[in-house]
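The values are calculated or read from the model by the stated rules, or taken from the named source; none is laboratory data. Note that the coordinates shown come from a computational prediction; the quantities given were computed from them, not determined experimentally. Neighbour counts are summed over all protein chains in view; Cβ atoms, including those assigned to glycine, are modelled from backbone coordinates with ideal geometry. Ligands, DNA and RNA are stripped out before the accessible areas are found, and what is left, the full protein with its side chains, is counted by its heavy atoms. Shrake-Rupley method; radii C 1.70, N 1.55, O 1.52, S 1.80 Å.
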Amino acid sequence: MSSVPIVATRRRLGEILVDLELVTDAQIEEALANGRATGRRLGEVLLEEGIVAPVALLRALAEQFGLEYLELDGAAIDLELVQRIPASIARHHRAVPVAVDGDDIVLAMANPVDVVAKDDIRNILSAPVRTVLADPEQIDRVIERAASADSKVRELLLAAVDEADRVPVVETAAVDREADAPIVRFVDLLLNKAIQDRASDVHIEPFEDGLRVRFRIDGVLHDALEPPQSLQAGLLARIKVMTGLDIAERRLPQDGRASIVIGGERVDIRVATTPTVHGESAVLRLLRNDGVLASIDRVGLLDGQLSDLRTALDQSWGIVLVTGPTGSGKTTTLYAAIQQLNAPTRSIVTVEDPVEYRLDGLKQVQVNIKAGLTFSRVLRSFLRLDPDVMLVGEIRDTETARIAVESSLTGHLVLSSVHTNGVASAPVRLVEMGVEPYLVAASVRAVTAQRLVRRVCDGCGVEERLDPARVAAIGFSPDLVNDDGSVVVRRGPGCDRCSRTGFRGRIAIHEVMPWSDEISDLVIGRRPVFEIQRAAVDAGLVTMREAGLRRVVAGVTTPEEVLAVVG
């Protein structure tokens, strides 16, 4: 990438400052005279004499060089990207890479005409760079932050190891008594890193010779850290204290919750511990409670699927089911549907475990099994609250299933989720739970099933043409194939933005089965799942595989990702 051209026609700094009405012509002339007498530059004189503020001068310099001025203080800086440049080189050139912008890396520089600095950093990064001007002192602060990030982890880790060696295991509960205890700060730092890396889960796993910490990012586990085994007791004790678990109980599985603030963002944590042959293992699910919910037209539904689901939601009674495995985004879809229905003219009640999003206008209840507040018990009480819409977080047992179905037949619109593999399995699952087939057939309005697939990274995704043989092997439908039998897809070779995975973020793929008389007859006749599926496909059902391949052609994901998720 070529450097910023230095040409004779570039405007003078003094002219720019005068045009911006920051100084007068007389002040410029006087500053130039002082500069000639002392060998200083115009900008130095203006700053030292307090005529121009530092930020104003930097913005004027950016305009002079035709560059953007970037305020680094308070900006979202990719510290992992900064760490790719040795701190000594960054300090020497006073230049740091701070973000990825398409194919370019944004390079913040104190001296934008230093082509040697730009070339050095571009060669280290092996990528094109786009220069922006930044305050030299802010650049120094970014360099120090990046340089101290890894050392801080090492420092806290060593301190925590030292503490674990000194403090007996039976006293590990004391880690919560001192806010500055190394193990406390180490856990805080670990959770901060998990949030920064967009992790949905943190796995802490003991083995014979040590611990392993892994983050689940976009549905895939990645190694994050390998603390020494001496930290095992203290680490688990701290997590138990945070989430209200019994730190003395190591023989039985436990579940706990906590709500904390990380980097100014509220995060709900659900933890599950279980004993293993090498000690306790813990999994922490991180639920980012940022208040931002997708609308029904932004959860990944294709146009026809969206129309079918909206038709079901427009009904005044009946049941709409969302199916899929754990972590497939069912709650997001249910809340998107609730948002569409939420209006002053409706009474909406929900029962969930836990309440993951809090919305105005809803009466939301969280299940408490220990207190006897079960799904079925809450549902029975709901019927006395005169609701129009009821959301049941999950149908898990026969009693809940029966009450939900009966409620849908008595003038209520019920939304719920159930664990099945596809849309055709959902009505069969309700029947297997003990609901009479004729009640299922009469109550269900629509069933949607979904999975999550990873998105190709926007920072490094490139097009690739699949040959006809590969297209045929994957099974693209004819309307998705080019005239020559090929299909153009996108793949990500990997970059800093996606941590070299080629993917960043996920999107749901769906299949939506609107109810019909034929499907009702099959359910009443207790026909097997494959017959219901075949009837739905004959009626025009777009399967999850087909929906996924359409996303492939649109450049959103890859064929391998779709096949891995839905087969």
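Structural remarks
- Between Arg41 and His222, residue separation times 0.36 nm minus the direct Cα-Cα distance comes to 60.0 nm.
- Atom-type composition of the exposed protein surface of segment 296-386 places 45 percent of the accessible area on carbon and sulfur (1.4 angstrom probe).
- Label-point separation, Leu383 to Glu48 (7 Å along Cα→Cβ), nm: 8.7
- FRET efficiency for Asp103 and Thr410, using Cβ-Cβ distance with R0 set to 45 Å, rounded to 0.05: 0.15
- In segment 186-229, the portion of solvent-accessible area held by carbon and sulfur atoms comes to 43 percent [1.4 Å probe, whole percent, DNA, RNA and ligands not counted].
- In this rough spin-label picture, where each label sits 7 Å from Cα along the Cβ direction, the Arg212-Glu531 distance is 4.7 nm.
- Considering helices alone, the calculated mean residue ellipticity of the chain at 222 nm is -11500 deg cm²/dmol, with DSSP H runs of length four and up weighted by -39500 (n - 2.57) and normalised per residue.
- FRET efficiency, 1/(1 + (r/R0)^6) with R0 56 Å, evaluated for Gln364 and Asp521 via beta carbons: 0.90
- Prolate/oblate/rounded call for segment 47-134, Cα gyration tensor, a/c under 1.5 rounded: prolate
- Accessible area (Å², per residue) of the chain, counting only protein heavy atoms and a probe of 1.4 Å: 48
- Extended-chain gain in nm, criterion 0.36 nm per residue less alpha-carbon gap, Glu68 and Ile124: 17.9 nm
- Segment 295-371 shape via C-alpha gyration tensor axes, a/c threshold 1.5: oblate
- Stretch gain in nm, segment Ile260-Ser307, where the contour uses 0.36 nm per residue and the Cα spacing is subtracted: 13.0 nm
- Long-range HN-HN contacts of Gln364 with modeled amide H, under 5 Å: Thr350
- Label-to-label distance for Arg500 and Asp19 is 4.6 nm, based on points extended 7 Å past Cα in the beta-carbon direction.
- 3J(HN,Hα) along segment 57-73, derived from phi through the Karplus expression 6.51 cos²θ - 1.76 cosθ + 1.60 where θ = phi - 60°, amounts to 5, 5, 5, 5, 4, 4, 5, 4, 8, x, 10, 8, 9, 10, 7, 7, 5 Hz, with x in place of Gly and Pro.
- The chain - charge dipole about Cα centre, Lys and Arg +1 at Cβ, Asp and Glu -1, debye rounded to 20: 1060
- Shape class for the chain: prolate, because the ratio a/c of the largest to smallest gyration tensor axis (alpha-carbon atoms, square roots of eigenvalues) is 1.5 or more and a/b beats b/c.
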